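Quick notes on the structure that follows.
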Amino acid sequence: MMPMMEMTEIGRVLIQSATTSFGLLSKSLPPIVLGLVLAEMIVVLNAAKKIAFMARPVTKFSHLSNAAGASFMMAFFSAASANSMLAGYYNDQIIEKRELFVASLVNSFPATTMHWRSLLPVLIPLLGFTGLVYFGLLMLVGLLKTGLVMVAGRLLLDEKNDGPAFSSPFEELRAEKDGKNRPPLREALKIGAMAARPKVMKVVKMTTTMMFFVSVLIEVGAFDLLSLHLSGIRNWLPLPAPGLSIIAAQFAGYIVAYTVAGGLLAAGELSGKEVVVTLMIGNVITSAAWAFRWLIPSHAGIFGPRIGTELVVFSTGLRDVIMLLVAFGVMAFW
């Protein structure tokens, strides 16, 4: 019979994991559900062209459809909602798998630009001009990544000639409700919610399962062990000794890392250049832990385990390569 102490510890882990996963789900599920409903509403209202026209230069060059353009614009407000829209269009066979991958990777740039809301209020007070330079380089990395993916889309995808509307499983219902024109907004919301309901249920089940599993791994120290092994990589890189504390802090979170970096910069132990390079390389070293802890569970919940994991691997890998190249460029030319 299992000792009482072990049963108590297992119970504590499960309760804490449930609490942690609930906190994560309360932040991630609302935009995911919103994205799925909005995707269906856009189809119902035949509004993709009107929404996507601002993204036309991106979609036209990349051979992406209006559906992908609509999700690109949504990514400026919510990356989770944008990905949910793409997943909905893929499940409805409005876009193919290759376009799904290109569109999802292209959407990472607007999502990156929106980081200013959380990064700049921390970076500027702690690092001053150095923080502004670092933020600018992060934007450059995102822009280069998106540019490469756009070129890949142009080479891999057929040029799109979107008609005035998408096909949809609810097209007959829309026609019955509206005749030849689009339905009123309230009716469109009702139809969109009906269409999104099975997808929402599927995503909620998958995301809840993945989040709870990851929360259990967090509680038993799996990510601390992973961080310990990954942190050994830093000894192979040409970084100043004080910079190693910044990388160690990045495993705890970006605010902790920026606080440590600000202290070292203020004390004169690191120059602005050294702080920027250390933060960029540390970003790469800690990206695997971040992907396992957050990106893979959220993407697997939206796209399914296989496609979600593939997207995270492609996106994170490409970003890390570009990040290292830019970091070494800063080392060479600053």
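Per-residue answers, yes or no, for (1) surrounded by fewer than 18 Cβ atoms within 10 Å (Cβ to Cβ); (2) under 19 Å from Ile281 (Cα atoms); (3) modelled with pLDDT of 75 or more:
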| position | (1), (2), (3) |
| --- | --- |
| Thr208 | yes, no, yes |
| Met211 | no, no, no |
| Val216 | yes, no, yes |
| Asp224 | yes, no, no |
| Ile233 | yes, yes, no |
| Pro238 | yes, yes, no |
| Gly243 | no, yes, yes |
| Ala252 | yes, yes, no |
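Take the residues in the stretch 297-312 that are touching a residue at least 24 places away in the same chain (Cβ under 8 Å) and surrounded by 19 or more Cβ atoms within 10 Å (Cβ to Cβ), then tell me which one is farthest from Val203 (Cα to Cα). Result: Leu311. Quick one: would you say Phe22 is out of contact with any Phe, Trp or Tyr (no Cβ under 8 Å at 6 or more places or on another chain), modelled with pLDDT of 75 or more and not β-branched (Val, Ile, Thr)? In short, yes. Of the helices (runs of 4 or more DSSP H) lying entirely inside the stretch 62-150, the ones with 1 or more residues being modelled with pLDDT of 90 or more and under 20 Å from the mean Cα position of the chain (by Cα) are found at 79-91, 97-106. Considering every residue within the stretch 256-272, establish whether at least one is part of a helix (DSSP H, G or I) and closer than 30 Å to Thr208 by Cα. Within the stretch 256-272, one or more residues are part of a helix (DSSP H, G or I) and closer than 30 Å to Thr208 by Cα. Scan the stretch 157-172 and tell me whether some residue there is at pLDDT 50 or above and either of a type in the set (Ser, Thr, Tyr) or assigned to a helix (DSSP H, G or I) (or both). Looking for residues that are at pLDDT 50 or above and either of a type in the set (Ser, Thr, Tyr) or assigned to a helix (DSSP H, G or I) (or both), one finds none in the stretch 157-172, hence no.
The values are calculated or read from the model by the stated rules, or taken from the named source; none is laboratory data. Keep in mind it's a predicted model, so treat the numbers as computed, not measured. Every residue, glycine as well, gets a Cβ built from its backbone with ideal geometry; the counts of neighbours run over all protein chains shown.
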